[in-house]
Structure formats: structure tokens, C-alpha cells
1. Restricting attention to region A:165-176, which residues are modelled with pLDDT of 95 or more and open to solvent by less than 20 Å² (accessible area, probe 1.4 Å)?
2. Considering each residue of region A:262-305, count those that are surrounded by 15 or more Cβ atoms within 10 Å (Cβ to Cβ), in a strand (DSSP E or B) and among the small types (Gly, Ala, Ser), and give that number.
3. Select from region B:76-92 the residues that are outside any helix (DSSP H, G or I), at the interface with another protein chain (Cβ under 9 Å from one of its Cβ atoms) and open to solvent by 20 Å² or more (accessible area, probe 1.4 Å) and list them in ascending order.
4. Got a number for residues in region A:139-180 being of a type in the set (S, T, N, Q) and within 10 Å of chain B (Cβ to nearest Cβ)?
5. Give just the number: which of (1) away from chain B (no Cβ under 14 Å); (2) touching a strand residue (DSSP E or B) at 6+ places or on another chain (Cβ under 8 Å); (3) touching a residue at least 60 places away in the same chain (Cβ under 8 Å) does A:Ser183 not satisfy?
6. Checking the structure you have, find out if any residue of region A:83-98 is open to solvent by 20 Å² or more (accessible area, probe 1.4 Å) and among the small types (Gly, Ala, Ser).
7. So which residues in region B:38-56 are in a loop (DSSP other than H, G, I, E, B), open to solvent by 30 Å² or more (accessible area, probe 1.4 Å) and either closer than 21 Å to A:Ala139 by Cβ or at pLDDT 95 or above (or both)?
8. I'd like to check something: does region B:23-36 contain any residue that is farther than 18 Å from A:Val252 by Cβ, surrounded by fewer than 17 Cβ atoms within 10 Å (Cβ to Cβ), at pLDDT 95 or above and of a type in the set (Asp, Glu)?
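The values are calculated or read from the model by the stated rules, or taken from the named source; none is laboratory data. Keep in mind that what you see is a predicted model, and the values were worked out from it rather than measured. Here Cβ is always computed from backbone atoms with ideal geometry, including for glycine, and neighbour counts include all displayed protein chains. Side chains are part of the model used for accessible areas, which takes the heavy atoms of the whole protein and leaves out ligands, DNA and RNA. Shrake-Rupley method; radii C 1.70, N 1.55, O 1.52, S 1.80 Å.
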Amino acid sequence: MKYVDEFRDPKLIRQAAEEIRRLARPGRHYRIMEVCGGHTHAIYRFGLEGLLPDNLELIHGPGCPVCVLPMGRTDDGLALAELPEVIFTAFGDVMRVPGTKGSPLEHKARGAAIRMVYSPLDALKLAEAHPDRHVVFFAIGFETTAPSTALTLLRARELGIRNFSVFCNHVTIIPAIRAILDSPGMRLDAFVGPGHVSTVIGCRPYEFIAQDYGKPIVVSGFEPLDILQSLVMILRQLAAGRAEVENQYARVVPWEGNLPALRALEEVFELRPYFEWRGLGFISQSALKLRDAFAEWDSERRYTVPGIRVTDPKAAQCGEVLKGVLKPPQCKLFGRECTPERPVGALMVSSEGACAAYYHYVHRAAAAASLER
Amino acid sequence: MCLAIPGRIVELAQDRPQLATVEVAGVRRQVNVDLLRDDPLGPGDWVLIHVGFAMSRISEAGAEEQMRMLAMLGEDEQAMQEIEGYRFGPET
């Protein structure tokens, strides 16, 4: 077993891997989806797939926010950045996401007023400092990040800062999981549940996966041992014919979630009737928009957003990779036209995207090994 | 995107209880602790920080484990840049 010695507790890792091998029944093929991009990154970084039996396959799910954002939304955001009074702000990951005419970073290099921020509160501060300009914050992320946008909007209202608005691209994880469960031809046995999203929403919202679809889900931490232990818990459920929500990450994730965060989300946001996901298409009630009470701070209501729809480059197979139908290197562009340095598809942009993670830890290592030979 | 950075609470702001000074690997910055208001924090407590907000309370051992994870994932430098990059303060 390669990599095992670099783990903090190789003995426990070895025991968990052995337990997985013992529980995985020969003759049965297991397909388990890790929903969260952070897990995808960790799985590739630690080479965890190399510790698993051949009949246990990990499918990398839709839990990387920049990866599931359709290119048209980036273009819409960049259209706002062209307005003379606007200063456009976004997190670092968004800065590198390709739009039709380049990423926000490239637009910035061409002179657009675009700033990277580390917190939505920094964007609000920028608005305070530039009362003659209008600051747009390109909000993105699952329930992990949405409460920070909600609290920032509450603060903007409290301080009466009106030259600030949010271009909201927050999405919610539950409808995406349901869409994957309902998609034809998708056969999954179980889920490794997201860690940080669950600190906010808790474990209860996953109950439908067990009750309605009869599949286990185990909310997991990010350490290699956490992920392996979660797989052990899943395989034990499958072996016993159980389907339950279990919490392997209870040291951080409370069963009921974070109530102040949920209250802030409820006060500021409501569900959009539908929203487009890259690779998954339109999913009803899967994204957040600002409530009417916050219309003043909603970029989409203050400005006319073009509502651009862009189909992905034909050759890029991001959708198939996102749904786990293809492995990253099976895409025609992987490692050739599409690399982390020059991403064509969003799965190459973020370290949490399956393609970038695969490229960094598997593709490059294989290339280095072939050079050494 | 979903970086969770472990930090130790140094002190809570006197006039704005939703702000606290945290220390991450020797760097001190203000973060918003409003999401943990149901279980008030004190100096010496450890939290996980995400985009300027403390998201969860963790143990000291959990904080060490998280810092080590970030280093192994090659995200420790990015995490420090994020902490150092927070610009909001008492007035925002």
C-alpha cells in the first residue's frame, strides 16, 4: 500500500483499509459518491483510491461551487463589471473561472475595475470606502458560504450602505443530490456526506436519501482516516441492509446544524424557482436569491443582467465527469487543451474540481515517473 | 473555495461582540463570530474560519489537525494569504 507511511497514524489507516476490504463483498461492485469537492481533493492528494479494493469505486460529485457554475453566470457577472460605476469583487477561485471572453482576472488585466476579496465583508468595506462607486460582490458557494453573504447583507442594511449589491450564485446541496439520485442510468450505492456544508445545515436534511431512496449517507471529516472510516460505516450499513444518516464528523458537525446561520439564510434568501447547474442542467429550487426586503442590495434587480446562456465547449465533457460517467482523463481535452494553467472547463479551475485534483496528483506523478524510467 | 482555517480567539471586541481578534500561526486579524453567538466564545477558544466568519468551535487538537491537513493539501499558504487579506475591521 503506497502512501500509507506518510499518514500520521499508518496503523489505523491500514486497519481501516483492511476493514474496507473485508466488508466489500467480492462479486458486488460498489459506487459511492463523495459530494464535497474538499473530499475529492483529499482523496486524490492522499491516493486513497489506491487503498481501496477494485470493486469499490468513488464517484466525484457536484460539490465544488465554481465547477457547477454555468459559464453564462460568469459572463453575466463580467457584464456588470463593465459598468462605469461598478467595482466588481469576487473570491480568488472565481477570478480564474473562464468566461466567454476570458476570466475575471483577464478582464482585470484589460482594465476592468475588478478586485479579489477574501470575505464578503471586505467587499462591503470597499463600498464604504468608495461612496461614489457601486460595489458588486459575486457571491458563490453552497450553504458553507451563503451565511457569510447573508450576514454581510444584514450588516449593509444596518449600516445603510446602499452602494453595495450581491450578484447571488449561491446554490443548495440537497436538490443537487436529489437530481443525481433521480437521473436516469445513475447507479449509486451510498454517499460520503459533505463536512463543512453540514456544519451549517446539520444532518437531518439528508434523511430523505436514506428514507426515500434507501441509500446510506455518512457525513465525513477530511482527514484520510475520516474518509476511510466513513467508507467503513457505509459498507457496514450496506452489509447489514441498513440505510441511515450517520455522522462520522461529529467533532465539528452538530446534528441540528448551526441555528444562527440557518436563521440568517432564512431572513435574507429565498429559493429560486430553478437554476442551471453545469453538467446537471436546470434543477428546480436549487439556488438562492435575495428576498424582496433586500431588493436594493440585489445586483440582478439594480441592474439589467444580460442572462447569458453559453453551452460548454463541445469537446469538453465536464458534465459527464461531474456526474461520474467519465473519469477526468477520459475527457478528450484533459491534459492537452485543458490544464490547470489554462483551464477550458471549470473542473480544472479549482483544487476541489475532480479534473484539477486528478491532474495534480495522478497525471503529473505518472508523467514524472515515466521521465525517470 | 471551502478553506476552513483554524484560529485561536485572542479577544472579543468590546463594542462589537460579533467581532473577535483571532490568531492564526502568529497572524492576528479580526473575524466575525456572529454565527457562534448561541455558544459564546472566550479568549483561548479555537474556531474554524471561512471567508472571514468563524463557522464552528473546535478543540485545540482539532485545530492542530486542521492546520496539518491544510499543509498536506498544499493550502496552508493560501490560508495565510486569506487571513492576512481580511480588510474589514471594527467599522464594518
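1. Answer for region A:165-176, where residues must be modelled with pLDDT of 95 or more and open to solvent by less than 20 Å² (accessible area, probe 1.4 Å): A:Ser165, A:Val166, A:Phe167, A:Cys168, A:Asn169, A:His170, A:Val171, A:Thr172, A:Ile173.
2. Matching residues across region A:262-305 total 1.
3. First, pick out the residues of region B:76-92 that are outside any helix (DSSP H, G or I): B:86-92.
Now drop any that are not at the interface with another protein chain (Cβ under 9 Å from one of its Cβ atoms), which leaves B:86-89, B:91-92.
The answer is B:Arg87, B:Glu91.
4. In the first step, residues of region A:139-180 are kept if they are of a type in the set (S, T, N, Q); the result is A:144-145, A:148-149, A:152, A:163, A:165, A:169, A:172.
Keeping just the survivors that are within 10 Å of chain B (Cβ to nearest Cβ) gives A:144-145, A:148-149, A:152.
Selection size over region A:139-180: 5.
5. The one condition A:Ser183 does not meet is (2).
6. Checking region A:83-98: at least one residue is open to solvent by 20 Å² or more (accessible area, probe 1.4 Å) and among the small types (Gly, Ala, Ser).
7. Taking region B:38-56 first, the residues in a loop (DSSP other than H, G, I, E, B) are B:38-45, B:51-52.
Cutting the leftovers down to open to solvent by 30 Å² or more (accessible area, probe 1.4 Å) gives us B:38-40, B:43-45.
Within region B:38-56, B:Pro43, B:Gly44, B:Asp45 meet the criteria.
8. Scanning region B:23-36, I find at least one residue that is farther than 18 Å from A:Val252 by Cβ, surrounded by fewer than 17 Cβ atoms within 10 Å (Cβ to Cβ), at pLDDT 95 or above and of a type in the set (Asp, Glu), so the answer is yes.
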